[in-house]
Structures are given as C-alpha cells and as structure tokens.
1. For residues that are among the small types (Gly, Ala, Ser) and not in a strand (DSSP E or B), scanning just region 198-222, find the one that is farthest from Ser31 (Cα to Cα).
2. List pairs: first in region 73-93 and assigned to a loop (DSSP other than H, G, I, E, B) and modelled with pLDDT under 95, second crowded, with 16+ Cβ neighbours inside 10 Å and among the basic types (Lys, Arg), Cβ under 9 Å, 6+ apart or cross-chain?
3. Could you go through region 127-145 and let me know if any residue there is in a helix (DSSP H, G or I), surrounded by 16 or more Cβ atoms within 10 Å (Cβ to Cβ) and of a type in the set (Asp, Glu).
4. Quick one: would you say Arg67 is more than 18 Å from the chain's Cα centre (by Cα) and under 24 Å from Gln158 (Cα atoms)?
5. Would you check if Tyr15 is of a type in the set (Ser, Thr, Tyr), out of contact with any helix residue (DSSP H, G or I) (no Cβ under 7 Å at 6 or more places or on another chain) and modelled with pLDDT under 95?
6. Has region 162-182 got at least one residue that is surrounded by fewer than 20 Cβ atoms within 10 Å (Cβ to Cβ), hydrophobic (A, V, I, L, M, F, W, C) and free of Cβ contacts under 8 Å to residues at least 24 places away in the same chain?
7. Go over the candidates Val96, Val100 one by one and state the one that is among the β-branched types (Val, Ile, Thr), closer than 24 Å to Met51 by Cα, at pLDDT 95 or above and over 15 Å from the mean Cα position of the chain (by Cα).
8. Cys50 passes all but one of (1) in contact with a strand residue (DSSP E or B) (Cβ under 8 Å, 6 or more places away or on another chain); (2) of a type outside the set (Val, Ile, Thr); (3) outside any helix (DSSP H, G or I); which number fails?
Amino acid sequence: MKKPLIEIKDFCFAYAGEKILDGVSLNVYESEYLSIIGPNGAGKTTLLKCMVRILRGGEGNIRLDGRLLAQYRQKELARLVSYVAQGDSGGVLFTVAEYVLMGRYPYLSPFSTFSAPDRAAAENALELTGTAHLARRRIDTLSGGERQIVFIASAIAQGARIMLLDEPTTFLDPRHESHVLDIIKKVNRKFAITVISVTHDINHAALQSDRIVSLKGGKVMFDGPAGDIMDNRILERIYGKRFNFVKHPENGSLIIVPEVGRS
C-alpha cells in the first residue's frame, strides 16, 4: 500500500479560544495535486499555516514524510515544504532576481554565500515561470499578477517536494490566472512536486487537481476525486446553496455556471 507523504490525524487548532480546525484527518500522496475548498472561515488557510509552522501548536498529529512536524528543524522543513501566501506583498523592495534567489536560503550554512547550484536553481525557476525578463525589476514595481508568478518562482527555486499555495489566483486577470495555473500544473506533472492549493474557485479545483478536500467549520466535509465535487448533494452541504452545471466544451467535465441576477 502506498505510504502518504503527508499524514494529518485528528488535528485541532484554536485561536483566541475559538476552534478553527476541528478533528481534521487527511492523507496526501507523493506527486498528488490536492485542492482545498470551502466557505470563508472554514479553516483552509489555517491548515496550510499549521503545516509550515507559521502557526504553532494545536492538538493531534501532522506527519511529513513519516516524521512528526515538531521533529523538523526549520531549515529541514523548508527543504521539504514551500509556501506561497495569499496577498500581493507589494511592499517587497528586492529585485525579482534577489527575491527568487532567497528561495535557496534553506541550503545556506552560517556565513556562506549563494553557490553556483543555488544561482542555477534560481535562474531555472525564472525561465520556467517566464519571469527572466523581469529579473532586474523591483518587486514593488510589478503588477499583482507578475508578483504572484515571481513568488511561485521563488518557491520553485526552493526545491521542496511539497508546495503549499494559498489562493494563488486571487485578484488576477484572466491571462495571469491562466499562466499561474499552467505553471502549477507543470511543476506538479513535470517535476512530481506534491501540490496543495487552497482556492475558492470550484471549477479550477475540479479541472486542475487530482483530488479535492472541502472544509466547513473546521471539519472535513468531502474528500474524493476532483470531478465528484460537481454534485449538488455534496455542494449544498458545503455551501448551503445549489449550483447550475454545464459540460465543459473541451473535455465534457461538469463545471458551474454563474446564476443570472434576480431583481
């Protein structure tokens, strides 16, 4: 039987006395692409932050590659897991080249400088994401879409086996949104990087990922193949409403269509 790369067992997390995650259990396997969906306040971002110890504590277990999360030193953890946060971080003053190279920090020893392999990894990440032409630009001069792609490039340069993405296409125009999704898919398929992506876009989750987990009120409400989410018996329990579906013109998969506004 295939062993999980990530094992989360009965995990609970509370903040200021409010329980945000309530007995979450799930496994994620090597090279899998998992999307996490759910309504606002479901605990999606909190779960990612707990996995990289931005948020510490909680009850239950998180194991990465067979080891308890608490057993990892921070640099060890950063060699295994990269994290791209939600938001545009427009105040970053580094150049694109500097920022992407900083993704290699887990491999630096005290008083060392970036090596030739570090610089090669950063250059390859810039090429892969199509951002090499921005290398000398400062992050705060880029558009929101360009910044998001650069942040993903830095995560790629980090060389981790697991990539966590918190709403990677939020606020992006259609062109940048499509480009970001293509990059994530390429990283997952070409380099066998395990991807966990939080998203509010149910269509993207169903079309892009292998599997979907839904949270609601800090609990797992659905865990199954991505296409199975397009079922109102499931979606109504998660979101408290019904949806309209049509078949995608390219592959015949069910997708959600917007409702017509009512007066």
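1. Taking the candidates together, the pick is Gly217.
2. Ala85/Lys49; Asp88/Arg147; Ser89/Arg147; Gly90/Arg147; Val92/Arg147
3. No, region 127-145 has no match at all.
4. For Arg67, the condition - more than 18 Å from the chain's Cα centre (by Cα) and under 24 Å from Gln158 (Cα atoms) - is met.
5. yes
6. No, region 162-182 has no match at all.
7. Values: Val96 fails: closer than 24 Å to Met51 by Cα.
The match here is Val100.
8. Of everything listed in (1) in contact with a strand residue (DSSP E or B) (Cβ under 8 Å, 6 or more places away or on another chain); (2) of a type outside the set (Val, Ile, Thr); (3) outside any helix (DSSP H, G or I), Cys50 misses just condition (3).
The values are calculated or read from the model by the stated rules, or taken from the named source; none is laboratory data. Only a predicted model underlies this, so the values are computations on that prediction, with no experimental measurement involved. Using ideal geometry, Cβ is built from the backbone for each residue, glycine included, and neighbour counts are taken over all protein chains shown.
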